[in-house]
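The values are calculated or read from the model by the stated rules, or taken from the named source; none is laboratory data. Note that the structure is a prediction, hence the values are computed from the model and not measured. Glycine also receives a Cβ, built like all others from the backbone with ideal geometry; neighbour counts cover every protein chain displayed. To get the accessible areas, we keep the full protein, side chains included, count just its heavy atoms, and leave off ligands, DNA and RNA. Shrake-Rupley method; radii C 1.70, N 1.55, O 1.52, S 1.80 Å.
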Amino acid sequence: MVDISSFAEVAQNLEGQIAGYSLKSVGLASLLIIMLVITGMQIKQHKPKYSLHVFLLITAIVGSTTVFLFGSTIYLNSVSDSNGPVHWHADIEYWVCGSEIELRDPYRLLSNKIGTASLHEHNDKRIHLEGVVVNEHEDATLGNFMHVIDGNLERGSMTIPVGQNNLFEDDQDGDIVDTSNRTYIESMVRGSGNARYLDLMNGESCSGNADAQPAEVQVFVYRFDKDNDTYSQTKLDDPANYVYSPYSNVPPGDCIIFEFDSPKDFTDKLCLQYGLKDTKRCVEFGVPANEPEHCNITDTTDYTKLSEQAGVDVQEAPSSQSDSTERSN
């Protein structure tokens, strides 16, 4: 399996380095000012003519620190792809053998997130990118997100960090759930406490049976078209390097489905915020049938074409799912 680096060992990017230098400069300046204030109080009593020198030193330290903080912020914004701080969001779901997996909950003292200050998840099934994007093809990728939350995503393999209590999501929405493989999924978890992981690799099955159909790590993204209030899904060829759309709200921010299951050309899973607005599926996701005004976006994915390419029945498309399968976790 893939060797996962410790969360504490995640390499800092330029934003993190500048933040570190800024914190150190403020700390050093504070220490020097305290020392000078104490010295100044003593000098004032015995050599009052030197009090002005102490005051000027304090002023110089405050001024130089302020210039450094201001200059480093300007520099970071000028060299970044985003030209300043952003607040991007993308919704995410992890599905393994028909069951939705709950990402590890925040567990560190006084922390409400997993990840870093600028890239994290708040136990809300949403990627939060809040800060300066120095290089979007490195900072804003799914692979980088998985890395900072202590997971991993590569071609043919994925490691999902999970918590010590809940392995499966218990959301009540329109997604179809298959609970038949849960015992085997639980047996796949390694580690203990808040250092548990679900390692997935192409070629493994969903039942442990050597004769069963092999499963694959697959990632699907729903992208929104703001001009037409429509969206469609695509299967990613290189999910680790996918850069999610630069929007604050979802939609138009992406809905990203990580799925470990038998090979498929499209997924029937859908993020809640998309489902609540979809003209055909919003009632399944909880919108009252008498409030159709809330359902105003349309899925334009050509499921007929995808089904024909995959050699499956078109009725397996999400808009025609059977109601006989369980719809909650």
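Things worth noting here:
- In Å², nearest 10: area of Met35 left accessible to a 1.4 Å probe: 100
- Once the Cα atoms are used to define both axes, helix 51-79 deviates from the longest principal axis of the chain by about 30 degrees.
- Chain lengthening between Ser22 and Gln45 when straightened (0.36 nm per residue, less Cα-Cα): 4.8 nm
- List Arg223, Arg182, ordered by accessible area with a 1.4 Å probe, largest first: Arg223, Arg182
- Between the beta carbons of Ser64 and Ile38, assuming R0 = 30 Å, the FRET efficiency works out to 0.90 to the nearest 0.05.
- With a Cα cut-off of under 17 Å and a minimum spacing of 8 residues unless on different chains, the lysine pairs in the chain number 9.
- A simple charge model with +1 on the Cβ of Lys and Arg, -1 on the Cβ of Asp and Glu and nothing else charged puts the dipole of the chain at about 2640 debye relative to its Cα centre.
- Calculated [θ] (222 nm, deg cm²/dmol) that DSSP helices of n ≥ 4 give over the chain, each run adding -39,500 (n - 2.57): -9000 deg cm²/dmol
- Calculated from backbone phi, Karplus (6.51, -1.76, 1.60) coupling profile of the stretch 277-288 in Hz, x at Gly/Pro: 10, 6, 5, 9, 10, 5, 5, 4, 8, x, 7, x
- Of Glu93, Glu204, the order by accessible heavy-atom surface (1.4 Å probe, DNA, RNA and ligands excluded), from most exposed downward, is Glu204, Glu93.
- Listed residues Thr301, Ile149, Ser187: farthest to the positive end of the dipole of the chain (Cβ charges): Ile149
- Using Cβ point charges alone (K and R +1, D and E -1), the dipole size of the stretch 177-306 about the Cα centre works out to roughly 260 debye.
- Cβ-derived FRET efficiency at R0 30 Å, Leu110 paired with Arg190, nearest 0.05: 0.60
- Residue (of Ala210, Phe266, Ile256) at the positive-pole extreme of the chain, dipole from beta-carbon charges: Ile256
- Relative contact order [Cα under 8 Å, 6+ residues apart], the stretch 93-231, whole percent: 21
- The chain, relative contact order in percent, only Cα pairs under 8 angstrom and at least six apart counted: 18
- Gain on full stretching of the segment that runs from Asn166 to Thr304 - 0.36 nm per residue minus C-alpha separation: 46.0 nm
- Computing Cα Rg over 2.2 N^0.38 Å directly from the structure and comparing it against (1) 1.28; (2) 1.01; (3) 1.24 singles out (1).
- Extension gain for Leu57-Thr230 works out to 56.1 nm (0.36 nm per residue, less the C-alpha to C-alpha distance).
- Surface share of carbon and sulfur [accessible, 1.4 angstrom probe, percent] for the chain: 52
- Using a Förster distance of 35 Å, the FRET efficiency for Glu154-Asn123 (Cβ separation, nearest 0.05): 0.90
- Each residue of the stretch 268-273 was assigned a 3J(HN,Hα) from its phi angle through the Karplus curve 6.51 cos²θ - 1.76 cosθ + 1.60 (θ = phi - 60°); the sequence is 9, 7, 8, 5, 4, 5 Hz, with glycine and proline shown as x.
- Antiparallel %, DSSP beta bridges [both residues in the chain], to 5: 85
- Sequence of Tyr242, Tyr247 when ordered by accessible area, the most exposed leading, probe 1.4 angstrom: Tyr247, Tyr242
- Whole-number accessible area per residue in Å² for the chain, which is evaluated in the context of all protein chains at 1.4 Å: 52
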